[in-house]
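Report on the following structure.
The values are calculated or read from the model by the stated rules, or taken from the named source; none is laboratory data. Just so you know, these numbers come straight off a predicted model, no measurement behind them. Cβ: placed from backbone, ideal geometry, glycine included. Neighbour counts: every protein chain shown.
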Amino acid sequence: MRLPTPVALAAAILVPVALAAQDLPPYVPVNPILASRSALYAQPMVPAARGWHVRTVIDYSNAIEDDISIDHRRYLLDAEILQADLWITHDLSSRVFIVGEIPVRGGYAGALDGFLNWYHDLIGIPIRARSERPRNTFGWTFTLPDTQVNRLRPGTFLGDLRAGIGVRIGRSQLVATLTAPTTPSSADGWGRGVIGTSLALTSNLLRTPRVLLDGSANLGFTPTHGALAAYQHSVFVGSSLALRWRFSGSQAVFGTFWMQSANGQKTGWGSVDDAEVTLDFGGLVRFRKNWPELQLGMTEDLMPRGPAIDAGFKLGLRWR
């Protein structure tokens, strides 16, 4: 399966020239319904280390959401979504560190619809919304009681930059970050449009030579703004439980269970007004001792029930 050119371009841009990252990969919600409002994300424990440490994570997802309200208004999201992040951390002291994220984002008509229709038919779980839509056609439209919104296909663009500071407290850490409204106007609806904030308390619940288990509690605030302010939440809460199991040598599997409060309110669509539950999982492979660790995985939306992020494919690298 060949991914579109923007994925290859983002991979080339975001491959770092050196250094290191966390024991567990970070998770940023892929669904633009959430990412366009909340600045919450799952920040793993950052080990104390000298120098600058770098990690890249690239997600490429196929999304289909076709929701009808009680009063017969339609919400449609049909797109393929690129999410590529360059993560940078640096210790200021043994306890204090800084963290930054440079995000590349994209929304496309895509090329995976036919493959996914075949795959769902093969496993006996057809997705009606996907099979009824024309293949590889972008669409993000919805009708609210007082307005009709039609989002344009944005292509590839720079998302909202993130910067923050963290403090280690025993087996825990507290990380506060801000996101800047750097998403261009040509990608209207994909960025927050205002400064977003996130406060994450992460604790190491278990650490053995083979098993790492972290949990987090998250709080964020993004001011309401624009024509859709009446349908936006400003306060967001989230939590995560993340596991890494080293089953052989340097090879491991990981999983992050992420829960987050809703992005919207009073829209009439469960896909917008309900809380989100997502599983991010995969393998962490190091082929040789001095090589970077390769992250391969997938992202699946568990709730709200029904079509959402149909399939998300993940590729990442980290340097010690």
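Some notes on this structure:
- Condition met for W319 (hydrophobic (A, V, I, L, M, F, W, C) and buried (at least 16 other Cβ atoms within 10 Å of the Cβ)): yes
- One residue stands out among those in the stretch 171-193 that are assigned to a loop (DSSP other than H, G, I, E, B) and among the small types (G, A, S): the one that is farthest from L76 (Cα to Cα), which is A180.
- Of all residues making up the stretch 132-146, the number that are within 23 Å of G268 (Cα to Cα) and either without any contact (Cβ under 8 Å) to a residue 60 or more places away in the chain or acidic (D, E) (or both): 2
For every residue, the table says whether it meets (1) within 16 Å of A63 (Cβ to Cβ); (2) in a loop (DSSP other than H, G, I, E, B).
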position	(1), (2)
R246	no, no
K266	no, yes
V272	yes, no
D280	yes, no
G283	no, no
Q295	no, no
F313	yes, no
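- Close contacts from the stretch 92-114, counting a first residue that is under 30 Å from S131 (Cβ atoms) and a second that is among the hydroxyl-bearing types (S, T, Y) and surrounded by fewer than 17 Cβ atoms within 10 Å (Cβ to Cβ), with Cβ to Cβ under 9 Å and a gap of 6+ residues or different chains, come to A109/T137; G110/T137; D113/T137.
- Failed item, numbered, when H72 is tested on (1) more than 22 Å from the chain's Cα centre (by Cα); (2) at negative phi: (2)
Yes or no, residue by residue, for (1) over 26 Å from R151 (Cβ atoms); (2) at pLDDT 90 or above:
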| position | (1), (2) |
| --- | --- |
| P26 | yes, yes |
| L34 | no, no |
| Y60 | no, yes |
| D71 | no, yes |
| R74 | no, yes |
| P103 | no, yes |
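- In this structure, L228 does not qualify as at pLDDT 95 or above, more than 21 Å from F97 (Cα to Cα), surrounded by fewer than 21 Cβ atoms within 10 Å (Cβ to Cβ) and not polar (S, T, N, Q).
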